[in-house]
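First comes the structure, then the notes that go with it.
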Amino acid sequence: MRIDKYLKVSRLIKRRTLANEVADAGRISVNGRPVKASYSVKIGDEIEIAFGQRPVRVRVVSLDAPSGKDVAREMYTVLEE
């Protein structure tokens, strides 16, 4: 799954177009390397998103698209906020 779609489906970012813009601006890094929106996410990847002054780090746990928004948080575990 592409990282922009993963961020939207997991509800870390609300819209896929916004996720795409954030990734292309270089504010998303996976395992310490900046990535573009087309990066293919794998289970175990550590994603860091720079939201202004507070970066958020999560670890990918699942790639299955959830059936509801309450289940979306099960796609990742928060490492640092």
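Since every read-out is calculated from the coordinates, none of them should be taken as a lab result. Source: prediction; values computed, not measured. Positions of Cβ are backbone-derived with ideal geometry, glycine not excepted, and every protein chain shown enters the neighbour counts.
Work out, in µm²/s and without decimals, the Stokes-Einstein translational diffusion coefficient of the chain at 25 °C, 0.890 mPa s, Rh from Kirkwood over C-alpha pairs. D = 199 µm²/s.
Exposed loop sites were defined as trypsin sites (Lys or Arg not before Pro) in DSSP loop states (anything but H, G, I, E or B) carrying at most 15 other C-beta atoms within 10 Å; in the chain the longest segment without such a site runs 43-68. When VAL78, VAL61 are arranged by Cβ crowding within 10 Å, least crowded first, meaning fewest neighbours, the order is VAL78, VAL61. Computed from label points 7 Å out along Cα-Cβ, the spacing between ASN31 and SER62 is 2.3 nm. In straight-distance terms, cross-link reach from LYS5 covers every one of the aspartates and glutamates whose alpha-carbon lies under 19 Å from its own, apart from those fewer than eight places away in the same chain; here that gives GLU21, ASP24, ASP45, GLU46, GLU48, ASP64, ASP70, GLU74.
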